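Notes for the one structure printed next.
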Amino acid sequence: MKLQKPNEILIPEIAKLIQEGHSVTLTLSGNSMRPFLKDKRDTAKLVKTNELHIFDIVLAEVSPKRYALHRIVQLKGDEVTLLGDGNLTPEHCQRKDVIAKAVLFYRKGKQTPDNPESRKWKCYAWCWHKLHPVRRYLLALHKLLFG
């Protein structure tokens, strides 16, 4: 079943399901994870997690009733620094604000999922992180070429 609700209504319900031990598959909304994940095209399977690692992609509440699916770029005590692949500025939250971890992505209408723990995705994450100083230009080029 597909539901369309504002994030401030939908995400707390998703959080409840995840806390109960369910997984949730969510169609992505927004461009913060471009170029790897696309708005309204790709979906993410989300599960509860107790462990966080650098480059994990997580759903978190980054400010009251404002949610983001971003990559973890730094962990310092309870402080989590997140950066969307399509963003230039990091966001911050506490470990307790992380709702779920993305464990699979269904991209480009394919039935076979991509695993963000795979060697391919780990390589994407590492390379893209290292390209942060020129990310602005790469994102502009991507937008020009692919809309």
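The values are calculated or read from the model by the stated rules, or taken from the named source; none is laboratory data. Predicted model, so just to flag it, every value in this text is computed and none were measured. Because the Cβ atoms are built from the backbone with ideal geometry, glycine has one as well, and the counts that use them run over all protein chains shown. Heads up: the accessible areas ignore ligands, DNA and RNA and are worked out on the full protein's heavy atoms, side chains in. Shrake-Rupley method; radii C 1.70, N 1.55, O 1.52, S 1.80 Å.
Do you know which residues across segment 62-83 are modelled with pLDDT of 95 or more and either of a type in the set (Lys, Arg) or touching a Lys or Arg at 6+ places or on another chain (Cβ under 9 Å) (or both)?
71, 75, 76, 77, 78, 79, 80, 82, 83
Restricting to segment 46-74, count the residues that are among the charged types (D, E, K, R) and surrounded by fewer than 18 Cβ atoms within 10 Å (Cβ to Cβ).
4
Which of the numbered conditions does residue 105 fail, given that it passes all the others? Conditions: (1) assigned to a strand (DSSP E or B); (2) open to solvent by 30 Å² or more (accessible area, probe 1.4 Å).
(2)
List every residue pair whose Cβ atoms lie under 6 Å apart, where the two residues are 6 or more positions apart in sequence or sit on different chains, the first residue falls within segment 125-142 and is closer than 22 Å to residue 53 by Cα, and the second residue, located anywhere, is among the charged types (D, E, K, R) and open to solvent by less than 60 Å² (accessible area, probe 1.4 Å).
128/85
Output the number of residues of segment 52-84 satisfying the condition of being outside any strand (DSSP E or B), under 21 Å from residue 118 (Cα atoms) and out of contact with any helix residue (DSSP H, G or I) (no Cβ under 6 Å at 6 or more places or on another chain).
5
Residues to consider are 118, 29; find the one that is without any contact (Cβ under 8 Å) to a residue 24 or more places away in the chain, among the hydroxyl-bearing types (Ser, Thr, Tyr) and under 22 Å from residue 146 (Cβ atoms). First the steps, then the outcome.
Working: 118 fails: under 22 Å from residue 146 (Cβ atoms).
Result: 29 is the single residue among 118, 29 that is without any contact (Cβ under 8 Å) to a residue 24 or more places away in the chain, among the hydroxyl-bearing types (Ser, Thr, Tyr) and under 22 Å from residue 146 (Cβ atoms).
Identify, please: which residue in segment 18-29 is in contact with a strand residue (DSSP E or B) (Cβ under 8 Å, 6 or more places away or on another chain) and assigned to a loop (DSSP other than H, G, I, E, B) and is, among those, surrounded by the fewest Cβ atoms within 10 Å (Cβ to Cβ)?
Selected residue: 23.
Considering only residues of segment 75-89 that are open to solvent by 10 Å² or more (accessible area, probe 1.4 Å) and of a type in the set (D, E, K, R), which is nearest to the chain's Cα centre (by Cα)?
79
Taking into account only those residues within segment 32-41 that are in contact (Cβ under 8 Å) with a residue 12 or more places away in the chain and more than 20 Å from residue 81 (Cβ to Cβ), which is surrounded by the fewest Cβ atoms within 10 Å (Cβ to Cβ)?
Taking the candidates together, the pick is 40.
Looking at (1) open to solvent by less than 30 Å² (accessible area, probe 1.4 Å); (2) in contact with a helix residue (DSSP H, G or I) (Cβ under 8 Å, 6 or more places away or on another chain), which is the only condition residue 15 fails?
Residue 15 satisfies every listed condition except (2).
When residues of segment 42-60 are filtered for being touching a residue at least 60 places away in the same chain (Cβ under 8 Å) and among the hydrophobic types (A, V, I, L, M, F, W, C), how many remain?
The qualifying residues number 2.
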